[in-house]
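Input: a single structure, listed below in structure tokens.
The values are calculated or read from the model by the stated rules, or taken from the named source; none is laboratory data. Note that this is a predicted model, so its numbers are computed, not measured. Cβ coordinates were reconstructed from backbone atoms using ideal geometry, including for glycine residues, and neighbour counts include every protein chain displayed. All accessible areas refer to the heavy atoms of the entire protein, side chains included, with ligands and DNA or RNA removed. Shrake-Rupley method; radii C 1.70, N 1.55, O 1.52, S 1.80 Å.
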Amino acid sequence: LSGPLAFDGGLVVNGMTLPVEEINAAGGIKSQGGAKLTLSGGDSQGKPEVGTAEAERLIREGVVAVLGPYQSPVAYNISQLAEKEKTPFIITVAVADNITERGFEYTFRVQPNARAMTTKSLDHLAELAKATGTPVKTLAMMHEDGLFGTTVAGHVEKHAKNVGMELALRVPYSLRTAD
């Protein structure tokens with residue numbers, strides 16, 4: 001909610017707040033006698049160690065699950081804590097593959113991982129190129145140099161060949177770059 005992805009994090013909070021309000025307005029969780037849902041907040045600041053500390057605090061306060069975060073390195077760390085504490089961890093956005101490929105029982109993802117997102121995007125680009133008669137032979141990619149960007153870029157590099165494309169240029173950049 002602060003740091004380089006604060007705006008995006010705010011959108012995630014809005015996306016979680018709306019259904020909680022709707023469920024509570026409709027009488028709460030009926031199977032639990034109308035129990036109301038409550039969101040407790042935390043802010044990773046985009047830093048894995050801060051995210052872990054916030055998740056620890058929330059678990060100590062008695063949350064039944066941890067939801068979030070936006071950044072893959074933060075999610076990677078929280079998943080280890082959630083497994084240790086046997087607390088469900090629902091990843092809302094972070095997509096790095098290795099977060100959910102360690103056989104943990106308490107970590108869940110609600111959207112495609114980086115591999116699925118990347119391969120489907122390139123498959124669709126190839127279909128679009130074929131449908132329009134406009135061949136796409138080469139790609140250039142700029143990506144942030146953290147866990148998210150390098151994971152996605154690696155999949156682009158591998159899968160581009162499968163759809164007849166070549167990654168001609170790959171430019172990493174720091175997410176914290178001011179300009």
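Observations
- Residue that is farthest from the chain's Cα centre (by Cα), among those in region 20-42 that are surrounded by fewer than 13 Cβ atoms within 10 Å (Cβ to Cβ) and within 22 Å of Glu54 (Cβ to Cβ): Thr38
- Applying the set (1) open to solvent by less than 60 Å² (accessible area, probe 1.4 Å); (2) assigned to a helix (DSSP H, G or I); (3) modelled with pLDDT of 95 or more to Glu127 leaves exactly one unmet item: (1).
- Considering residues of region 136-151 that are part of a helix (DSSP H, G or I) and within 18 Å of Arg176 (Cβ to Cβ) only, the residue least open to solvent (accessible area, probe 1.4 Å): Gly149
- Matching residues, region 152-179, being open to solvent by less than 60 Å² (accessible area, probe 1.4 Å), among the β-branched types (Val, Ile, Thr) and under 24 Å from the mean Cα position of the chain (by Cα): Val152, Val156, Val171
- Take the conditions (1) among the acidic types (Asp, Glu); (2) modelled with pLDDT of 95 or more; (3) in contact with a helix residue (DSSP H, G or I) (Cβ under 8 Å, 6 or more places away or on another chain); Glu61 misses just one of them, which is (3).
- Scanning region 121-148 for residues that are more than 24 Å from Val171 (Cα to Cα) and β-branched (Val, Ile, Thr) yields a count of 2.
- Test: residue in region 69-76 that is more than 18 Å from Leu5 (Cβ to Cβ) and either surrounded by fewer than 17 Cβ atoms within 10 Å (Cβ to Cβ) or among the hydrophobic types (A, V, I, L, M, F, W, C) (or both): no
- For the criterion of being open to solvent by 50 Å² or more (accessible area, probe 1.4 Å) and within 18 Å of Ser40 (Cα to Cα), Arg60 passes.
- For the condition open to solvent by 40 Å² or more (accessible area, probe 1.4 Å) and modelled with pLDDT of 95 or more, Arg102 does not qualify.
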